[in-house]
1. Going by alpha carbons, how many degrees (0 to 90, nearest 10) lie between the helix axis of A:75-88 and the longest principal axis of chain A?
2. In nm, what does the list of distances from residue B:237 to its counterparts in the other copies look like, shortest first, when each label sits 7 Å along Cα to Cβ?
3. If I take R0 = 56 Å and measure r between the Cβ atoms of residue B:229 and residue A:88 in this structure, what FRET efficiency does the formula 1/(1 + (r/R0)^6) give, to the nearest 0.05?
4. Expressed in whole Å with the largest first, what are the equivalent ellipsoid semi-axes of the stretch A:11-178 derived from the C-alpha gyration tensor as the square root of 5 times each eigenvalue?
5. So which residue of B has the beta-carbon closest to the axis that swings B onto A, and how many whole Å away?
6. Note the per residue figure in Å³ for the convex hull of the C-alpha positions in the stretch B:1-103.
7. Measure nothing fancy, just the Cα-based angle from helix A:282-297's long axis to the longest principal axis of chain A, in degrees from 0 to 90, nearest 10.
8. Quick one: helix B:185-203 against the long Cα principal axis of chain B, what's the angle to the nearest 10°, folded into 0 to 90?
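Bear in mind that the values in this text are calculations on the coordinates, not laboratory data. Predicted, not measured: the structure shown is a model, and the values here were computed from it. Please note: Cβ atoms are built from the backbone with ideal geometry, for glycine as well, and neighbour counts cover all protein chains shown.
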């Protein structure tokens, strides 16, 4: 194994009926007033909102609500949140929603202590502190509930960038998988594909380091099986909870322990797509980019890609496994090409340029440091 | 999955060359003076001691040494440690050694705040606080480096009991697997069997909950392969590090997530054996007890035991898998029967009585709550 540090202080309370615990958990931090951050309102129809505010009331915690976090959360909305926190003297952020809501919560929590939040995304300042973040998760996908990262889109500059830092780990995350049974099907699917992509970003860097490599295979297969089962019965709690916990393990440090830090080229390219096409769900973009990236890159770590083909799909070559991956995604109703996403071939250079320029402060990819031409080639395959 | 809480705040720094980081990690807690707790002196021959004290010096941390922790650590030695901490105004405990040293460090850390340390083991008081514990691990086995538990033997009362509590998680644990390459072979083996037993305590409770059940299989197979490889070449770092990290995952919360809390009958019975026979290594005792327990209990969760037989050993029945498990342990040079341990058949009632009486404050076993007769029967099979 490669050297690594594992240090994840988030308390995860997992299971059916866990949501009413949130108030007491916040109160343990001596907090009396929080920002309740949420999306467009689905938590009012699935009963989550009622459970949360009832729990806050019981623990004598006041809250101010900030609605309207977008699926790809934007800088301007986070800045509004910071303003509310300052004006209302709030002491912490309670994110009730999916990865987008949690990511914006972290951004607000860090931004509270900064003159200019976006400076952190530009790596001009370090994140040395943040307000405490608590989460009640409503869709399993990003692992933002148990990681120190946040992604935000600067809509004026078409940049979908990220921050990371130890103060951004949520203090407490409540994961009640049963509330996800009413999700629209495509959200379950895109969440699962996001989690699968996190695992694969690490997995394909592996040179066979155990136990992490095999654990990642287990997680991939568990997610495949869980989504297949949920497609038959969205109320299957065993499958729903297996998917939820696998999505956590996909990016909470376990899936990367002793590997090589992840490649992240596919995530970077996808962020370039959805920065220009905000209507593209992150998971849908990843379903399109990942198979193309594998096709383009696999000879650089061929043994690992062959292992993947064999263990996950029972195939003896990578091309057949790529087809099987696309078939799997298609069987769930996901797009698997840029064409499926409604993106024109003529846009490829623009997207590639956006990826390349936006990420000029960092290299793109580890198995290969991708240049502009590489990105164009991958997008052409993805078309 | 069953409901669960995952909250493990220990920072693990893993890899070759990590030991010199310990001083700086302790200094981050504002600590100037620590108790350096150690065993019989192996850390002076394998270079670990020198690395540790050099790092403490560089970080301007003073230390007082307390040597002589036994393989089954005893109450009296821990009480001596508490006395030293109080007299010398020490602010934390640095355990340099294996699980025994870390367990005693936790006991000292908790005992510092108690009138009578053993009261905590008797469940007469809760562990509400503890001095900060830091560890430099020299043998992978117990996961004490990343769990909130400690086992201590009250030698006057022949009780080998445990404590647990959130304040007992080590703050920072350094795991440099390369220092384990000079371990006596049987210590590597008994450490591995201890870790395997932790996994199996959870695994056999499973009703197929994923991803945890499959992750546990991965950990079992990784440990099997790693020990086999180390038997050929003790310097094999890939195998050594795989074993070390698997032993952490065996009891840091990952192996039990969403299962049923573990059975722990085998650990309890083994503690009864080694309380009366302190010369019996914990891992050796477990190698003897576990196959017998499986034989006695398997029909109560037959599907899971059959899955184990199939996935781990490729067998279609549990009896064949039990034989294969014993063969595996024997191939590593471990005893697999009470006879191998040099324990006479006539002692069985006494051992069983010791287990049963000593644990009168708690039930023994979950798959079946074992009574005195059950324990005798299991020990007879183990003979």
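1. It works out to around 20 degrees.
2. Residue B:237 label point versus its equivalents elsewhere: 4.7 nm.
3. Using R0 = 56 Å, I get an efficiency of 0.40.
4. 24, 16, 14
5. B:9, 2
6. On the way: hull volume 14.9 nm³, N = 103.
About 145 Å³ per residue, rounded to a whole number.
7. 30 degrees
8. Value to nearest ten degrees: 70.
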